[in-house]
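K.L.:
Input: one structure, supplied below.
The values are calculated or read from the model by the stated rules, or taken from the named source; none is laboratory data. From a predicted model like this one, the values you see are computed outputs, not experimental measurements. Note that we place each Cβ from the backbone using ideal geometry, even for glycine, and neighbour counts take in every protein chain shown. Accessible surface is based on the protein model in full, side chains and every heavy atom, while ligands, DNA and RNA are left aside. Shrake-Rupley method; radii C 1.70, N 1.55, O 1.52, S 1.80 Å.
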Number of protein chains: 2
Amino acid sequence: MGRLLRIIIVFICSFSLLISVNTEEVQSSSFFNNGIQQLLRFDKNKGEFRILQVADMHYANGKKTACEDVLPEQYAHCSDLNTTFFIERMIQVEKPDLIVFTGDNIYGADTTDPVASMNAAFAPAVSSNIPWAAVLGNHDQESTLSREGLMKHIVGMNHTLSQLNPFGVDVIDGFGNYNLEVHGTEGSSSGNESILNLYFLDSGDYSTVPAIPGYGWIKPSQQFWFQQTSMKLQKKSKAPGLAYFHIPLPEYSSFDSSNYTGVKQEGISSASVNSGFFTTLVGAGDVKAVFVGHDHINDFCGELTGVYLCYAGGFGYHAYGKAGWSRRSRVVVASLEKKSNGSWGAVEFIKTYKRLDDGNLTVIDDQVLWTKTPSMKW
Amino acid sequence: MGRLLRIIIVFICSFSLLISVNTEEVQSSSFFNNGIQQLLRFDKNKGEFRILQVADMHYANGKKTACEDVLPEQYAHCSDLNTTFFIERMIQVEKPDLIVFTGDNIYGADTTDPVASMNAAFAPAVSSNIPWAAVLGNHDQESTLSREGLMKHIVGMNHTLSQLNPFGVDVIDGFGNYNLEVHGTEGSSSGNESILNLYFLDSGDYSTVPAIPGYGWIKPSQQFWFQQTSMKLQKKSKAPGLAYFHIPLPEYSSFDSSNYTGVKQEGISSASVNSGFFTTLVGAGDVKAVFVGHDHINDFCGELTGVYLCYAGGFGYHAYGKAGWSRRSRVVVASLEKKSNGSWGAVEFIKTYKRLDDGNLTVIDDQVLWTKTPSMKW
């Protein structure tokens, strides 16, 4: 009887231990991505990594939510569902390796239930099984969920690689500052290292400083995190980087029509002050292009001091736009160099173009953002 | 004999302990300031704290080093010693509570021995027994000592409160980033808290980023430290702050002659990019005025978004200047409010003026930088 009791105790203890180990495993992997650790890597057939940017969906209540700034004949049948249908078609035609949502994903002010709106807005990405990442704009939190609450919901969704904030960083402003590494093709020499660095930042909503009215900006804590992260990554390999956030930097105002591709049809709605992130980006050296939304009818992309500053152009139908000027999306394609032995090497060039939401998803404004060899002929 | 041995052992042990305690005490206080812990506090007779700013001494080899840009009749007898004599007179007339050297303390390119130059340049401060603080400019390191080496020498000098970098901060750009607290008058209710916060930053020398030529700038790591420090200090008390560094911020270019006091006789030689420190300063909220050097023949001080941006004007004789336009120095006076019971309260106002190196050390451009009560009549 005494021996049986000992056996029972040992059995119970072993079982408890087994359960606790299993729970830890699930918690650990779910930290990365809902139980499925999705590592970003270049496609080994094409030697490419393809990013679809969706800017300013302004999603509200789906079918019930009318469109803004479309042609008179479009109003009757136009709703948030047109936004959904546009994403679905873009995913189908581009088959991206990553979908990036650069804020104003939902239009909080017109949203009955922000969670339902987010679920509907991101649904095409979730159901595509393609990894996706999101940051916040200035309109997302205008309903009942705070910015923290919004990002917490997002990071819990399926197939997202979004993060609330970087692991191990105690003090950082905003919610949704993180980076993602894109590894080389499976089995290649760069299969276990990042050869393309992606940075996502929370550019805030509105200034909380009375003396500085207007939009938010990227704060010193975020810039310090970015700079430290970029430095650590560059110690491992000289990979190019791309940065995604919502509100344009003041330096977007540096262009005139002679030195960009695309259009500038409205003012640059950056913060009213310069918080120095462009300087920090140029100083860090790896980021070759910045992608924002916010100004829906600007879609240009121009180079300044070696860094391209690009708009995506407005994507969503329940967002201001310009009737007759198609909603649009920006695609970025990073391509690897093919070595003489047929294997894939480092990133050789990064290009971008946009697609219009017309019958053909017309491609426009194809341009090269970066080449590994500066003198590379295109 | 056994008892005597025990007495001897006890005596030796006690003596060793006494020595070790004394050593610790000396080490502890010498951490603060060479064995003399100099706490900055407001003067209890006048209820004032007075700061003398010395910008761009450009000290080289003392008597052997000729002056620049003085009147023809002055050249024959003019040398670095004129700079020394000017400081001595300024100390005598102002009796400052703190002397701040805002960089280009020595002119490295013309210096035979940078340590000897620094010792000579700071000698009037050292021998005055008044606490002093220094930051570096862009010319200090042009001899055989690195910026780190220069600051290490400075922090070891007598009566200085300069620090190499903030204690407990692992990663920070530059050398000579620190803050000093000025406590209330001795024995008063604010005698143990900072009622005036002073920030000192290394604005660098030259850009190390090829795409950004020109002068250095205050980096994200420094801005993050400043912002965190300011936040911590403001949690304790709402004390006003002042910031001292060498290179002007790009926002110094925001003024025209209608909205500043003093003169602008040359361009604003800031970095060619905006690194956002002005935004960080305004966002932090406590800094009411910034004091720089670098542009010797600008001495203006103007307000922008609630923060005064001030030049000191060139102090040193072996520095470019303008013949016939006196070398000068900026004084800041913070004054406490007198309570109805006769005791001193918080800082009531902060004012500034300059003194010229003429026969009378003429006071010019007296102006108020901040008042505790915005509507306070002057």
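K.L.:
Can you tell me which residues in the stretch B:284-301 are within 22 Å of residue B:373 (Cβ to Cβ), more than 11 Å from chain A (Cβ to nearest Cβ) and touching a Phe, Trp or Tyr at 6+ places or on another chain (Cβ under 8 Å)? Even if it seems obvious, please write down each step before you answer.
P.N.:
Just the residues of the stretch B:284-301 that are within 22 Å of residue B:373 (Cβ to Cβ), to begin with: B:284-289, B:301.
Add one more test, that the residue is more than 11 Å from chain A (Cβ to nearest Cβ), and what stays is B:286-289, B:301.
Once the filter is applied, which keeps residues that are within 22 Å of residue B:373 (Cβ to Cβ), more than 11 Å from chain A (Cβ to nearest Cβ) and touching a Phe, Trp or Tyr at 6+ places or on another chain (Cβ under 8 Å), the stretch B:284-301 yields B:287, B:288, B:289, B:301.
K.L.:
For the stretch A:284-293, what are the residues that are assigned to a loop (DSSP other than H, G, I, E, B) and open to solvent by less than 10 Å² (accessible area, probe 1.4 Å)? First the steps, then the outcome.
P.N.:
From the stretch A:284-293, those assigned to a loop (DSSP other than H, G, I, E, B) are A:285-286, A:293; that's our starting set.
Selection gives A:286, A:293.
K.L.:
Continuing with this model, one more query. Within the stretch B:131-139, is there a residue that is of a type outside the set (Gly, Ala, Ser) and open to solvent by 10 Å² or more (accessible area, probe 1.4 Å)? Can you show your working first?
P.N.:
Going through the stretch B:131-139, the residues of a type outside the set (Gly, Ala, Ser) turn out to be B:131-132, B:135-136, B:138-139.
Narrowing further to those that are open to solvent by 10 Å² or more (accessible area, probe 1.4 Å): B:131, B:139.
Looking for residues that are of a type outside the set (Gly, Ala, Ser) and open to solvent by 10 Å² or more (accessible area, probe 1.4 Å), one finds at least one in the stretch B:131-139, hence yes.
K.L.:
Then there's this: When residues of the stretch B:139-177 are filtered for being of a type in the set (Asp, Glu), more than 14 Å from chain A (Cβ to nearest Cβ) and outside any helix (DSSP H, G or I), how many remain?
P.N.:
Restricting attention to the stretch B:139-177, the residues satisfying the condition of being of a type in the set (Asp, Glu) are B:140, B:142, B:148, B:170, B:173.
From what is left, the residues that are more than 14 Å from chain A (Cβ to nearest Cβ) are B:140, B:142, B:148.
Applying the additional criterion that residues be outside any helix (DSSP H, G or I) yields B:140, B:142.
Of the residues in the stretch B:139-177, 2 are of a type in the set (Asp, Glu), more than 14 Å from chain A (Cβ to nearest Cβ) and outside any helix (DSSP H, G or I).
For (1) open to solvent by 30 Å² or more (accessible area, probe 1.4 Å); (2) away from chain B (no Cβ under 11 Å); (3) assigned to a strand (DSSP E or B), each residue gets a yes or a no:
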residue: A:218; (1), (2), (3): no, no, no
residue: A:222; (1), (2), (3): no, no, no
residue: A:225; (1), (2), (3): no, no, no
residue: A:242; (1), (2), (3): no, yes, yes
residue: A:251; (1), (2), (3): no, no, no
residue: A:269; (1), (2), (3): yes, yes, no
residue: A:282; (1), (2), (3): no, no, no
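K.L.:
Which one of these does residue A:329 not meet: (1) within 14 Å of chain B (Cβ to nearest Cβ); (2) of a type outside the set (Val, Ile, Thr); (3) part of a strand (DSSP E or B)?
P.N.:
Condition not satisfied by residue A:329: (1).
K.L.:
Still on this structure, I have one more. Can you tell me which residues in the stretch A:89-111 are under 30 Å from residue A:351 (Cα atoms) and free of Cβ contacts under 8 Å to residues at least 40 places away in the same chain?
P.N.:
Taking the stretch A:89-111 and keeping what is under 30 Å from residue A:351 (Cα atoms), we get A:89-106.
Selection gives A:91, A:92.
K.L.:
Taking only pairs six or more apart or across chains, which ones have beta-carbon atoms under 6 Å, a first residue in the stretch A:358-369 that is more than 15 Å from residue A:315 (Cα to Cα), and a second residue that is of a type in the set (Gly, Ala, Ser)?
P.N.:
Once the first residue is more than 15 Å from residue A:315 (Cα to Cα) and sits in the stretch A:358-369, its partners that are of a type in the set (Gly, Ala, Ser) give A:365/A:262; A:369/A:289.
K.L.:
Working only within the stretch A:178-216, note down all residues that are within 14 Å of chain B (Cβ to nearest Cβ), in contact (Cβ under 8 Å) with a residue 12 or more places away in the chain and open to solvent by 10 Å² or more (accessible area, probe 1.4 Å).
P.N.:
Taking the stretch A:178-216 first, the residues within 14 Å of chain B (Cβ to nearest Cβ) are A:199, A:201, A:203-204, A:206-216.
Remaining after also requiring in contact (Cβ under 8 Å) with a residue 12 or more places away in the chain: A:199, A:201, A:203-204, A:206-207, A:212-216.
Listed by number, the residues that qualify are A:204, A:206, A:207, A:213, A:214, A:215.
K.L.:
Quick one: in the stretch B:227-240, of everything that is part of a helix (DSSP H, G or I), more than 10 Å from every other protein chain (Cβ to nearest Cβ) and surrounded by 17 or more Cβ atoms within 10 Å (Cβ to Cβ), which residue is farthest from the chain's Cα centre (by Cα)?
P.N.:
We begin by selecting, within the stretch B:227-240, every residue part of a helix (DSSP H, G or I); these are B:227-236.
After this cut, where a residue has to be more than 10 Å from every other protein chain (Cβ to nearest Cβ) as well, the list is B:229-230, B:232-236.
So of that shortlist, the ones also surrounded by 17 or more Cβ atoms within 10 Å (Cβ to Cβ) come out as B:229-230, B:233.
On the way: B:229: 17, B:230: 17, B:233: 19 Å.
The residue in question is B:233.
K.L.:
Quick check on the stretch A:140-159: of everything there that is hydrophobic (A, V, I, L, M, F, W, C) and touching a residue at least 12 places away in the same chain (Cβ under 8 Å), which residue is surrounded by the most Cβ atoms within 10 Å (Cβ to Cβ)?
P.N.:
Filtering the stretch A:140-159 for residues hydrophobic (A, V, I, L, M, F, W, C) gives A:145, A:150-151, A:154-155, A:157.
Pick out the ones that are also touching a residue at least 12 places away in the same chain (Cβ under 8 Å) and you get A:145, A:150-151, A:154, A:157.
Details: A:145: 21, A:150: 23, A:151: 26, A:154: 24, A:157: 18.
Applying the filter and picking the extreme gives A:151.
K.L.:
Which residue pairs have Cβ atoms under 7 Å apart, sit 6 or more places apart or on different chains, and have a first residue in the stretch B:160-173 that is free of Cβ contacts under 8 Å to residues at least 60 places away in the same chain and open to solvent by 20 Å² or more (accessible area, probe 1.4 Å) and a second that is outside any loop (DSSP other than H, G, I, E, B) and hydrophobic (A, V, I, L, M, F, W, C)?
P.N.:
These pairs meet every condition: B:163/B:155; B:164/B:151; B:164/B:155; B:169/B:225; B:172/B:225.
K.L.:
Do we find a residue being touching a Lys or Arg at 6+ places or on another chain (Cβ under 8 Å) and in contact (Cβ under 8 Å) with a residue 60 or more places away in the chain anywhere in the stretch A:116-137?
P.N.:
yes
K.L.:
Anything in the stretch B:294-326 that is of a type in the set (A, V, I, L, M, F, W, C) and either in a strand (DSSP E or B) or open to solvent by 10 Å² or more (accessible area, probe 1.4 Å) (or both)? List them, or say none.
P.N.:
Within the stretch B:294-326, the subset of a type in the set (A, V, I, L, M, F, W, C) is B:297, B:300-301, B:304, B:307, B:309-310, B:312, B:315, B:319, B:323, B:325.
Within the stretch B:294-326, B:297, B:301, B:304, B:307, B:309, B:310, B:323, B:325 meet the criteria.
K.L.:
Assuming residue B:112 fulfils every condition listed in (1) open to solvent by 50 Å² or more (accessible area, probe 1.4 Å); (2) under 28 Å from residue B:206 (Cβ atoms); (3) assigned to a helix (DSSP H, G or I) apart from one, which condition is it?
P.N.:
Condition (3) is where residue B:112 drops out.
K.L.:
Tell me the residue from A:308, A:317 that is away from chain B (no Cβ under 14 Å) and touching a Ser or Thr at 6+ places or on another chain (Cβ under 9 Å), please.
P.N.:
Within the list A:308, A:317, the selection yields A:317.
K.L.:
Sticking with this one: Please work out which one of (1) touching a His at 6+ places or on another chain (Cβ under 8 Å); (2) open to solvent by 10 Å² or more (accessible area, probe 1.4 Å) is the condition residue B:123 fails and give its number.
P.N.:
(1)
K.L.:
Given the options B:221, B:188, name the one that is touching a strand residue (DSSP E or B) at 6+ places or on another chain (Cβ under 7 Å) and among the polar types (S, T, N, Q). Let's see the steps before the verdict.
P.N.:
Values: B:221 fails: touching a strand residue (DSSP E or B) at 6+ places or on another chain (Cβ under 7 Å).
Selected residue: B:188, the only one of B:221, B:188 that is touching a strand residue (DSSP E or B) at 6+ places or on another chain (Cβ under 7 Å) and among the polar types (S, T, N, Q).
K.L.:
Considering only the stretch A:28-68, state which residues are part of a strand (DSSP E or B) and either modelled with pLDDT under 95 or open to solvent by 40 Å² or more (accessible area, probe 1.4 Å) (or both). Step through it out loud before you land on a result.
P.N.:
Going residue by residue through the stretch A:28-68, those that are part of a strand (DSSP E or B) are A:40-41, A:43, A:48-54, A:59, A:66.
Across the stretch A:28-68, the qualifying residues are A:41, A:43, A:66.
K.L.:
Only one residue in A:270, A:275, A:258 is farther than 28 Å from residue A:43 by Cα and at pLDDT below 95, so which one is that? Show your work before the answer.
P.N.:
Working: A:270 fails: at pLDDT below 95; A:275 fails: at pLDDT below 95.
Of the residues listed, the single one that is farther than 28 Å from residue A:43 by Cα and at pLDDT below 95 is A:258.
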